[in-house]
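Below you'll find the structure, written out as structure tokens, and then a few comments.
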Amino acid sequence: MWIYNRVEGAVDPIEMLEAMRLKKMICHASGDITFPIVTGFYIYYIVQQDMDSADYRPPLGDREAFENEWMEVEIPLNFVIRNPTPSSPSEKTLSEQDVPTFLRDEITKKNLDGKLYKQSHLEIDLSSKSDRVEWGHARFNRTMTPGSAFEITVQWITASGPIVYDLIYGWSRKAQQCGYQLIPIPADPLAEPFVEKRFEKSSENFSFN
């Protein structure tokens, strides 16, 4: 958006950034120079060209480790540039392509979790209040569409209730400041055990509207 609003003349911001990436002027924050430009909440940095500089740091190049620690979400390009108003279902006829893959008549291997969601490590104890190790995971939508709910599932095993409450309360307060509404919903309202030996695993869904 910065390029779109400030560079004069007809310019495609994505093409410009992609050209800069191919020239190794910018790079994904993971250090993976082959990772393309993606619109949305993705982090890139300006590459230090002088390798003899004291500030030069070689890229790590470990995208898998980076994605396990950072939540990056894509926004469809047409919403980033043109910012259209999502049309209501009554304004168009839904086709098979408009229906989410997991709701289509035929379920295939392409409809698995990995296509719709991403997962990352979740720092539960942000304020370092606990005297023990507390950790969790976050499962979230791969793409955010303006005007639609965005789902985040918080999963934890080794975490205490007050610490998790402080985390969610902080999210709720910050969401309101940004004009979002955080709504807690059951992660799996129809959960049933798949094996006889059950183990308890706590999780909760949150939907941003």
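The values are calculated or read from the model by the stated rules, or taken from the named source; none is laboratory data. Keep in mind that this is a model prediction, so the values were computed, not measured. Heads up, the Cβs are rebuilt from the backbone with ideal geometry, glycines too, and the neighbour counts pull from every protein chain shown.
Here are some notes:
- The range 127-143 - residue that is polar (S, T, N, Q) and assigned to a loop (DSSP other than H, G, I, E, B) and, of those, nearest to S160 (Cα to Cα): S130
- In the range 43-58 there is no residue matching the filter, namely being in contact with a Ser or Thr (Cβ under 8 Å, 6 or more places away or on another chain) and modelled with pLDDT of 85 or more.
- The number of residues in the range 139-158 being over 18 Å from L116 (Cβ atoms) and free of Cβ contacts under 8 Å to residues at least 40 places away in the same chain comes to 1.
- Extreme residue, farthest from E72 (Cα to Cα), among residues of the range 8-35 that are loosely packed, with under 12 Cβ neighbours inside 10 Å and under 24 Å from the mean Cα position of the chain (by Cα): E15
- Residue within the range 27-38 that is touching a strand residue (DSSP E or B) at 6+ places or on another chain (Cβ under 9 Å), at negative phi and at pLDDT below 75 present: no
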